[in-house]
Amino acid sequence: MHPRQERFWTLCVILAASGLAQGCESSIEATTESHADELHVNGGSVLVANRGGGTLSRITVATNAVVTTALPPGAVGVPEPMYVAYSPLANRVFVNDRRNAQLAVYRASTMRLETTVPLGGQTFHMWASRLADQLWICDDSQRRLLVFDVRSLRRIAEVPVAADPTAVGA
């Protein structure tokens with residue numbers, strides 16, 4: 001990873017962990033050959049965004065049963081899911097598709113696709129806040145942090161991020 005990219009992600013993490021996004025849930029990150037990027041424990045289940053396969057897997061902890069869901073196709077091609085986030089308050093699972101610049105939104109209890117939300121850029125890291133009912137998504141292609149309401153799916157903020165975060169003190 002290029003040093004500027006690394007500083008950009010560091011700044012995104014700092015912003016998401018700041019007072020503006022208190023309560024961001026913790027996550028377990030994994031980088032494996034299968035391209036499983038991030039896992040979130042969800043009441044006895046583990047959700048895995050399979051970057052290389054364009055799918056989302058739900059693993060039931062008690063039985064190790066795996067159910068894999070294909071992400072919706074986009075205009076550009078096979079989805080490239082980067083992160084998965086769970087919001088218990090909205091009963092939703094969010095998966096950002098970098099290749100197609102969209103957010104796939106699933107009903108957590110059934111894992112049925114509710115909708116897709118255009119993001120307008122290629123996104124990478126993503127966090128769901130349990131206290132603020134917000135979803136924070138880093139868009140490195142347009143150097144910004146997008147903030148959505150997890151219930152209405154309305155974009156409530158767009159925070160520009162400097163091309164070189166260290167130039168602004170990050």
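For the reader, a short list of remarks on this structure follows.
- Looking across the stretch 106-129, the residues that are over 19 Å from T55 (Cβ atoms), touching a strand residue (DSSP E or B) at 6+ places or on another chain (Cβ under 8 Å) and among the small types (G, A, S) come down to G120, G121, A128, S129.
- The residues of the stretch 156-167 that are among the small types (G, A, S) and open to solvent by 40 Å² or more (accessible area, probe 1.4 Å), listed by number, are A163, A167.
This table checks each residue for (1) of a type in the set (A, V, I, L, M, F, W, C); (2) without any contact (Cβ under 8 Å) to a residue 24 or more places away in the chain; (3) open to solvent by less than 60 Å² (accessible area, probe 1.4 Å).
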{"position": "A104", "(1), (2), (3)": "yes, no, yes"}
{"position": "T110", "(1), (2), (3)": "no, yes, no"}
{"position": "V117", "(1), (2), (3)": "yes, no, yes"}
{"position": "Q122", "(1), (2), (3)": "no, no, no"}
{"position": "H125", "(1), (2), (3)": "no, no, yes"}
{"position": "A128", "(1), (2), (3)": "yes, no, yes"}
{"position": "I137", "(1), (2), (3)": "yes, no, yes"}
{"position": "Q142", "(1), (2), (3)": "no, yes, no"}
{"position": "R154", "(1), (2), (3)": "no, yes, no"}
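- Residue count for the stretch 103-136, restricted to those that are part of a loop (DSSP other than H, G, I, E, B) and over 13 Å from V150 (Cα atoms): 7
- Single residue of the stretch 90-102 satisfying the filter (under 18 Å from S152 (Cα atoms) and in a loop (DSSP other than H, G, I, E, B)) that is least open to solvent (accessible area, probe 1.4 Å): A90
- Options V67, V13; residue that is under 16 Å from F124 (Cα atoms) and either assigned to a helix (DSSP H, G or I) or at pLDDT below 90 (or both): V13
- Looking only at the stretch 47-86, and only at residues there that are in contact with a Lys or Arg (Cβ under 9 Å, 6 or more places away or on another chain) and open to solvent by 70 Å² or more (accessible area, probe 1.4 Å), the one that is nearest to D140 (Cα to Cα): V76
The values are calculated or read from the model by the stated rules, or taken from the named source; none is laboratory data. The shown structure was predicted, so the numbers you read here are calculated from the model rather than taken from an experiment. All Cβ positions, glycine included, derive from the backbone under ideal geometry; neighbour counts span all protein chains shown. Areas reflect the complete protein model, heavy atoms only, side chains present, ligands, DNA and RNA absent. Shrake-Rupley method; radii C 1.70, N 1.55, O 1.52, S 1.80 Å.
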